[in-house]
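Beneath this line is the structure, given in structure tokens, with notes to follow.
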Amino acid sequence: MTIPDAREATRNAAAEVLGRAAERSKAAAAGERRLVRTGIVLLGAALLLLWEFGAPLVVQPRYVSSPSEVASRLVELVLDGQLWGHIGVTLGEAGAGYLIGIAVGLVAALVLVAVPALDEIAGPFLAAFYSIPKIALAPMFIMWFGLGLLPKILLAALMVFLIVLANTMAGVRGIEPGLVEVARVMGARGAGLVRTIILPGAAPAVVASIRLTFSRAMVGAILGEFIAATQGLGFLIVRSSRQFETATVFAGIVVVAALVMLVNALIRAVEARALPWSSERPHG
């Protein structure tokens with residue numbers, strides 16, 4: 001066998017070994033995913049069974065209902081049509097607040113980045129405002145902006161704004177200072193510096209906060225509905241709790257969780273198609 005032939009045989013053998021290793025890795029990953037899915041199903045079934053048969057032994061049945069009763073009530077709400085109106089109102093409030101909070105949070109972060117002195121001045125006030133329990137602001141928003149959709153939208157926007165602002169600023173601060181200095185030496189200033197260095201560097205944190213803050217928008221909208229509303233999932237839950245309709249309360253909670261999971265899945269699908277490189281997770 002000549003030297004070139006020996007090299008070719010070696011390369012083929014190495015490729016075969018790597019191929020087998022890749023196949024084993026894929027098989028192991030697939031097996032792990034199946035194990036995780038099976039574990040989720042089993043744990044969910046165990047929790048439902050514990051709720052169905054175990055909870056009444058600890059708490060009075062009228063206060064905990066049961067999965068079968070909740071499912072039955074959920075079917076009734078869907079069939080009589082009243083659930084869709086509540087879903088539409090809450091999704092509208094949360095969606096509007098979500099978009100407003102993202103836009104204002106990004107603009108505010110860029111302004112603070114562009115004016116470091118303003119960042120130093122506003123920093124302590126933003127930190128203090130971030131620490132305020134948002135439930136304490138809900139009654140004030142209702143008094144200021146009335147009983148309509150506006151206070152719920154603003155509460156949702158506030159919940160999103162604070163997280164987007166904090167994560168965008170954290171992403172910017174995580175950019176290597178030397179990279180910024182090199183860009184300045186090469187002539188990047190103002191909007192050019194933000195476009196070429198700041199935004200790409202902070203993008204993973206920004207995208208991650210956008211991905212995961214819809215749940216906060218839902219919390220803000222429902223919080224406003226808890227205080228004062230005539231429609232929405234929060235109104236449905238509060239009204240049912242006052243009337244001791246436990247099955248309806250849990251049905252509303254299940255719908256809220258399902259909506260958040262569905263919207264988050266849609267956002268992740270869009271992100272995976274548009275920005276497959278993004279994998280950072282936000283703070284807060």
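Structural remarks
- Test for residue 112: is it in contact with a helix residue (DSSP H, G or I) (Cβ under 7 Å, 6 or more places away or on another chain) and either among the basic types (Lys, Arg) or open to solvent by 30 Å² or more (accessible area, probe 1.4 Å) (or both): no
- Residues satisfying the stated conditions in segment 221-251, i.e. surrounded by 24 or more Cβ atoms within 10 Å (Cβ to Cβ) and either farther than 21 Å from residue 71 by Cβ or without any contact (Cβ under 8 Å) to a residue 24 or more places away in the chain (or both): 221, 222, 224, 225, 229, 232, 234
- Per the conditions (1) modelled with pLDDT of 90 or more; (2) among the aliphatic types (A, V, I, L, M); (3) open to solvent by less than 30 Å² (accessible area, probe 1.4 Å), the sole criterion not satisfied by residue 99 is (3).
- Applying the condition of being at pLDDT below 85 and more than 17 Å from residue 71 (Cβ to Cβ) to segment 39-60 and asking which residue is most open to solvent (accessible area, probe 1.4 Å) yields 57.
Every residue, every condition in (1) farther than 30 Å from residue 245 by Cα; (2) aliphatic (A, V, I, L, M); (3) open to solvent by 70 Å² or more (accessible area, probe 1.4 Å), yes or no:
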position: 104; (1), (2), (3): yes, yes, yes
position: 125; (1), (2), (3): yes, no, yes
position: 137; (1), (2), (3): no, yes, no
position: 141; (1), (2), (3): no, no, no
position: 151; (1), (2), (3): no, no, no
position: 160; (1), (2), (3): yes, yes, no
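- Of all residue pairs spaced 6 or more apart or on separate chains, those with beta-carbon atoms under 6 Å, a first member in segment 61-79 that is of a type in the set (A, V, I, L, M) and a second member that is at pLDDT below 85 and open to solvent by less than 50 Å² (accessible area, probe 1.4 Å) are 64/55.
The rows are residues; the columns are (1) surrounded by 15 or more Cβ atoms within 10 Å (Cβ to Cβ); (2) modelled with pLDDT of 85 or more; (3) among the β-branched types (Val, Ile, Thr).
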site: 198; (1), (2), (3): yes, no, yes
site: 261; (1), (2), (3): no, yes, no
site: 264; (1), (2), (3): yes, yes, no
site: 272; (1), (2), (3): no, no, no
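The values are calculated or read from the model by the stated rules, or taken from the named source; none is laboratory data. All values reported here derive from a predicted model rather than from experimental measurement. Note that each Cβ is placed from the backbone with ideal geometry, even for glycine, and that neighbours are counted across all protein chains shown. Keep in mind that these areas ignore ligands, DNA and RNA; they rest on the heavy atoms of the full protein, side chains included. Shrake-Rupley method; radii C 1.70, N 1.55, O 1.52, S 1.80 Å.
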